[in-house]
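Q: Just dropping this structure here.
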Amino acid sequence: MRNSLIITLLLTASSLLTGQTPVGSWTDHLNYNLAKTVAVGSGEVFASTGSSMMVYNKHFNQLRKLSRVNGLSETGISTIGWSDSYETLVVAYLTSNVDLIQGNVIYNIPDISRKYIPGKKTINKIEINGKYAYLACSFGIVLIDLEKKEIHDTWKPGNEISTAEVFDLAFGNGKIFAATSIGVFSADLNNPGLAYYGNWSLSASLPSPAANYSHAIYVNGTLYVNRTGPFLPGDTIYAVDEGCSVFSYNPGVRFRSMEESENGFVISTGIAVHYYNNEGSQTDFFDTYSSGSLNINHVIYKDGLTWIADLSRGLVIRDSEEFTFLTLPGPLSADVVNVTSLNGKTVVCGGSVDVSWNNIWRPLQVSVNENNNWTTISSPSLFDPIRAFIDPVNAGHFFISTWGSGLLEYQNNELINQFTYTNSPLQTIIPNQPFVRICGMAMDGSGNLWLTQTEVPGSIKTLRSDGTWIVNPLTLNVPAVGDIIIARDGKKWIVLPRGNGVFILDDKGSPENFSDDDSREILITDNENRIISNVYCITEDLDGNIWIGTDQGPVIYYNPGRILEDDIRAYRIKIPRNDGSGLADYMLGTETITSIAVDGANRKWLGTASSGAYLLSPDGTKQIVNHNESNSPLFSNTINSIAVDEKNGNVWFATSRGLISVRGDAIEGKTSFSGVYSFPNPVREDYEGNVTITGLMRDTQIRITDISGNLVYKTVSDGGQASWDLTTYNGKRVSTGVYVVFCTSPDGSKSDVTKILVIN
């Protein structure tokens, strides 16, 4: 079984920085500073990052992305391989799904991923021989017919006790050789019965025939295989021909790749590359770049050039003694626990905690996106950054909360302060140890930064704008204290993870005076008196309503100002079934809501633990869209965080497999019309998307007419932005001409006009 998909390839990285991104278009934000495997085609070179690919055009010296956004079936690549004869790239995923890419067409072969196979199911290596792609798998060898684009057979080297895990394959003298977890096996390629283990022969000439062998190549009548293992002092490469001898061994050295090349072969460790001729004599060697250290994972030598997949430097080209390093901008890694966006700036945190809110111990990884440029911040001595807060009056100023390394303050992406127990009232849970755990951050109207701390006296602390501190004496007796928001009435709402509901504090606008404070810890009680204790996120919408994400869907407090005075209930939205039963279901009532973000039209973006992201109408009664793995480029159905940039409408999704964004159709509405314009403009004949009109007030009335004044289309803006699909009311595309866009504020007191040129 296979599926085919025509893809439109992305332009080069430099072209991505020009022009406006069309509404509805997706952009991946993955790490393109590393490469794990490389495949060299006739005109292009493919380097897998583990999540997506960099594609280098050798003729035009251009580099582009290839990811799930523009055609790949999944995110999470195991390995890749290239067929010269069929001009085909074979892509194997961590799920054992397979893509065949021929030109601009991707054929998907999902058979292996769909088939139930007991135990581990992975694809370790791809080797091409003739018309077949041979997949070295944890359960044997799978053959893919590149002509028919289908599974041809499955072979099972091994013995009567267990099937061998196959790590690499080699071909020569009419035979196939398999380097496996239980030895090196060989068989005649013409034998029709290789699905039966008994038709495979174990190589008994090796010193340890049943050992673990990770690599195999066959060159000029000699088989070279690499023995490896976690308890061995180093890897050993054996040369097997009429006998067996040690070809290479050094204590502590691990061989990461062995590949045949022109008139010989090439072997790489993490820190060196060795070139050999057909007779096995070394002809070249290098162990240093022109700058920086080596972290080589895979090497191919072809057409006089060495193509290197480096885990720290990306795709590297060696031409004689010259090195070229190819990367694309992006965040530090696919580990994204939180994304925050404001005024065109987005900050991504790569730390995390486990389900019990214990440390993951990820070194500091913070990535900052601004004007389509990425700046990355890392440190091996700091760890687990879990939240970011951008100063609303100074976009260059932001804070990072960490689960152990305290509070980090940045200006223009430079660390200017680290607040810990040594220089602030922040406390550590273990005396004199780096366990200053901070999660939530929020800023009040006076520029004071409010923080939440866990497992220490004084759960709420405030860093004043003048640099002094306030420590609220309240101590919350809960396992963890999470995110905090400050509502427009000044009340502080705090998430209490692990089934403890929320905490509300009203400091009466005087954070330094505790005598007049009012507070309350509550479990969510809905309008039918059901108690919901598990809370994951909280936000305030543009109307002042408080939205809370729970393990039973979203709940809303429509009168949050009374939360401390009255025993008010949270409202859960019911949606009629429309089946004549008269029954209704709660909106997303079976979903765990992990994140809620509000766009410029007051619509709600909800992230879930297992079904992707949802966009709801402002009141939550209508599901506008559900982005998930099956209907969108979304990398994963597990959403850790969502952020909406009110300046440009970008919606950012931090998924369990990396960061991705979509250009939304709503931005924050202005208080007056400001620089109203439309894009694209002019609209060319080959353009098939919507035209976006931006710079509007919230709920702007839009009327579009032709040059003669005939009404063509009307709508109301979503926040500060509106869209037109270039059709009239009868659904036909408009003719070539100039169209006038009349914009009027909701009360009719303000107006603006812009024009759109359409070419058909």
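The values are calculated or read from the model by the stated rules, or taken from the named source; none is laboratory data. A quick note: this is a predicted structure, and the numbers were derived from the prediction, not measured. Note that we place each Cβ from the backbone using ideal geometry, even for glycine, and neighbour counts take in every protein chain shown.
Q: Could you say whether any residue in region 91-98 is more than 24 Å from the chain's Cα centre (by Cα) and closer than 21 Å to Thr180 by Cα?
A: No, because not a single residue in region 91-98 is more than 24 Å from the chain's Cα centre (by Cα) and closer than 21 Å to Thr180 by Cα.
Q: Hey, another quick one. Would you point out the residue of region 672-691, among those that are among the aromatic types (Phe, Trp, Tyr) and in a strand (DSSP E or B), that is farthest from Gly731 (Cα to Cα)?
A: Restricting to residues being among the aromatic types (Phe, Trp, Tyr) and in a strand (DSSP E or B), the top hit is Tyr677.
Q: Which of the following residues is farther than 30 Å from Phe286 by Cβ and modelled with pLDDT of 95 or more: Val355, Val336?
A: Selected residue: Val336, the only one of Val355, Val336 that is farther than 30 Å from Phe286 by Cβ and modelled with pLDDT of 95 or more.
Q: Could you give me the residue pairs with C-beta distances under 6 Å whose first residue belongs to region 288-312 and is touching a residue at least 12 places away in the same chain (Cβ under 8 Å) and farther than 13 Å from Ile267 by Cβ, whose second residue is surrounded by 18 or more Cβ atoms within 10 Å (Cβ to Cβ) and acidic (Asp, Glu) wherever it lies, and which are 6+ apart or on separate chains?
A: Final answer for the pair search is Asn295/Asp310.
Q: Further question on the same structure: Report every pair of residues separated by at least 6 positions or lying on different chains whose Cβ atoms are under 9 Å apart, first residue within region 335-360 and free of Cβ contacts under 8 Å to residues at least 24 places away in the same chain, second surrounded by fewer than 19 Cβ atoms within 10 Å (Cβ to Cβ).
A: As it stands, the answer is Asp354/Ile360; Val355/Arg498, since those pairs meet every condition given.
Q: Turning to a different aspect of this structure: I need the full set of residues from region 535-549 which are small (Gly, Ala, Ser) and in a strand (DSSP E or B), in order please.
A: Gly549, the sole residue that qualifies.
Q: Is there a residue in region 576-586 that is assigned to a loop (DSSP other than H, G, I, E, B), within 19 Å of Asn527 (Cβ to Cβ) and aliphatic (A, V, I, L, M)?
A: yes
Q: Right, something else. Please pick out the residue among Lys461, Lys508 that is touching a strand residue (DSSP E or B) at 6+ places or on another chain (Cβ under 6 Å) and charged (D, E, K, R).
A: Just one listed residue meets the conditions, Lys461.
Q: Name the residue that is surrounded by the most Cβ atoms within 10 Å (Cβ to Cβ), counting only residues in region 392-413 that are touching a His at 6+ places or on another chain (Cβ under 9 Å) and within 18 Å of Ser465 (Cβ to Cβ).
A: Looking at residues that are touching a His at 6+ places or on another chain (Cβ under 9 Å) and within 18 Å of Ser465 (Cβ to Cβ), I get Tyr410.
Q: When you scan region 396-414, do you find a residue that is among the hydrophobic types (A, V, I, L, M, F, W, C) and farther than 25 Å from Leu30 by Cβ, even just one?
A: Within region 396-414 (the criterion being among the hydrophobic types (A, V, I, L, M, F, W, C) and farther than 25 Å from Leu30 by Cβ), the answer is yes, since at least one residue qualifies.
Q: Right, another one. Has region 378-386 got any residue that is in contact (Cβ under 8 Å) with a residue 40 or more places away in the chain, out of contact with any Leu (no Cβ under 7 Å at 6 or more places or on another chain) and surrounded by fewer than 23 Cβ atoms within 10 Å (Cβ to Cβ)?
A: No.
Q: Residues Asn33, Asn57: which one is in contact with a strand residue (DSSP E or B) (Cβ under 6 Å, 6 or more places away or on another chain), farther than 30 Å from Ile693 by Cβ and surrounded by fewer than 19 Cβ atoms within 10 Å (Cβ to Cβ)?
A: The conditions single out Asn57.
Q: Of the residues Ser751, Ser717, only one is touching a residue at least 24 places away in the same chain (Cβ under 8 Å), of a type outside the set (Val, Ile, Thr) and under 24 Å from Gly24 (Cα atoms); which?
A: So the residue among Ser751, Ser717 that is touching a residue at least 24 places away in the same chain (Cβ under 8 Å), of a type outside the set (Val, Ile, Thr) and under 24 Å from Gly24 (Cα atoms) is Ser717.
Q: Kindly indicate whether Glu688 is surrounded by fewer than 18 Cβ atoms within 10 Å (Cβ to Cβ) and under 35 Å from the mean Cα position of the chain (by Cα).
A: Spelling it out, Glu688 is indeed surrounded by fewer than 18 Cβ atoms within 10 Å (Cβ to Cβ) and under 35 Å from the mean Cα position of the chain (by Cα).
Q: For Leu408, indicate whether it is part of a strand (DSSP E or B) and under 22 Å from Ala35 (Cα atoms).
A: Against the criterion (part of a strand (DSSP E or B) and under 22 Å from Ala35 (Cα atoms)), Leu408 does not qualify.
Q: If only one of Phe503, Phe514 is part of a strand (DSSP E or B), of a type outside the set (A, V, I, L, M) and over 21 Å from Val337 (Cα atoms), which one is it?
A: The conditions single out Phe503.
Q: Ok, one more. Do we find that Ala334 is assigned to a loop (DSSP other than H, G, I, E, B), buried (at least 20 other Cβ atoms within 10 Å of the Cβ), hydrophobic (A, V, I, L, M, F, W, C) and touching a Lys or Arg at 6+ places or on another chain (Cβ under 7 Å) in this structure?
A: The answer is yes for Ala334.
Q: Take the conditions buried (at least 17 other Cβ atoms within 10 Å of the Cβ), at pLDDT 95 or above, outside any loop (DSSP other than H, G, I, E, B) and in contact with a Ser or Thr (Cβ under 7 Å, 6 or more places away or on another chain) and apply them to Ile624. Does it pass?
A: no
Q: Let me ask another. Between residues in region 47-61 that are at positive phi and residues that are at pLDDT 95 or above and part of a strand (DSSP E or B), which pairs lie under 7 Å by C-beta distance while being six or more apart or on different chains?
A: Gly50/Ile77
Q: Only residues that are surrounded by fewer than 21 Cβ atoms within 10 Å (Cβ to Cβ) and closer than 13 Å to Ala388 by Cβ: list them for region 337-358, please.
A: Correct list: Leu342, Lys345.
Q: Only one of Ala597, Ala609 is out of contact with any Lys or Arg (no Cβ under 8 Å at 6 or more places or on another chain), free of Cβ contacts under 8 Å to residues at least 60 places away in the same chain and within 18 Å of Leu659 (Cβ to Cβ). Can you tell me which?
A: Going through Ala597, Ala609 in turn, just one is out of contact with any Lys or Arg (no Cβ under 8 Å at 6 or more places or on another chain), free of Cβ contacts under 8 Å to residues at least 60 places away in the same chain and within 18 Å of Leu659 (Cβ to Cβ): Ala609.
Conditions tested, residue by residue: (1) more than 25 Å from Lys120 (Cβ to Cβ); (2) assigned to a loop (DSSP other than H, G, I, E, B).
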residue: Ile176; (1), (2): no, no
residue: Ala204; (1), (2): yes, yes
residue: Pro233; (1), (2): yes, yes
residue: Ala239; (1), (2): yes, no
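Q: Just checking, does region 393-403 include any residue being under 22 Å from Ile504 (Cβ atoms) and either touching a helix residue (DSSP H, G or I) at 6+ places or on another chain (Cβ under 9 Å) or of a type outside the set (S, T, N, Q) (or both)?
A: Within region 393-403, none of the residues are under 22 Å from Ile504 (Cβ atoms) and either touching a helix residue (DSSP H, G or I) at 6+ places or on another chain (Cβ under 9 Å) or of a type outside the set (S, T, N, Q) (or both).
Q: Here is a follow-up. Out of region 120-158, which residues are outside any strand (DSSP E or B) and either touching a helix residue (DSSP H, G or I) at 6+ places or on another chain (Cβ under 6 Å) or free of Cβ contacts under 8 Å to residues at least 24 places away in the same chain (or both)?
A: Of everything in region 120-158, those that are outside any strand (DSSP E or B) and either touching a helix residue (DSSP H, G or I) at 6+ places or on another chain (Cβ under 6 Å) or free of Cβ contacts under 8 Å to residues at least 24 places away in the same chain (or both) turn out to be Lys148, Lys156.
Q: Kindly check whether there is at least one residue in region 36-44 that is among the polar types (S, T, N, Q), in contact (Cβ under 8 Å) with a residue 12 or more places away in the chain and outside any strand (DSSP E or B).
A: Checking region 36-44: at least one residue is among the polar types (S, T, N, Q), in contact (Cβ under 8 Å) with a residue 12 or more places away in the chain and outside any strand (DSSP E or B).
Q: Can you tell me which of Ser96, Ser78, Ser85 is small (Gly, Ala, Ser) and part of a strand (DSSP E or B)?
A: Only one candidate qualifies: Ser78.
Q: Another question, then. Could you check region 133-171 and list, in sequence order, the residues that are buried (at least 19 other Cβ atoms within 10 Å of the Cβ) and under 21 Å from Ile300 (Cβ atoms)?
A: Ala133, Tyr134, Leu135, Ala136, Ile144, Leu146, Val166, Phe167, Asp168, Leu169, Ala170, listed by residue number.
Q: Identify the single condition in (1) of a type in the set (Ser, Thr, Tyr); (2) surrounded by fewer than 22 Cβ atoms within 10 Å (Cβ to Cβ); (3) closer than 17 Å to Val40 by Cα that Tyr301 does not satisfy, given that it satisfies every other one.
A: (2)
Q: Quick check on my filter: what residues within region 50-60 are under 23 Å from Asn297 (Cα atoms) and either in contact with a helix residue (DSSP H, G or I) (Cβ under 7 Å, 6 or more places away or on another chain) or assigned to a loop (DSSP other than H, G, I, E, B) (or both)?
A: Within region 50-60, Gly50, Ser51, Ser52, Lys58 meet the criteria.
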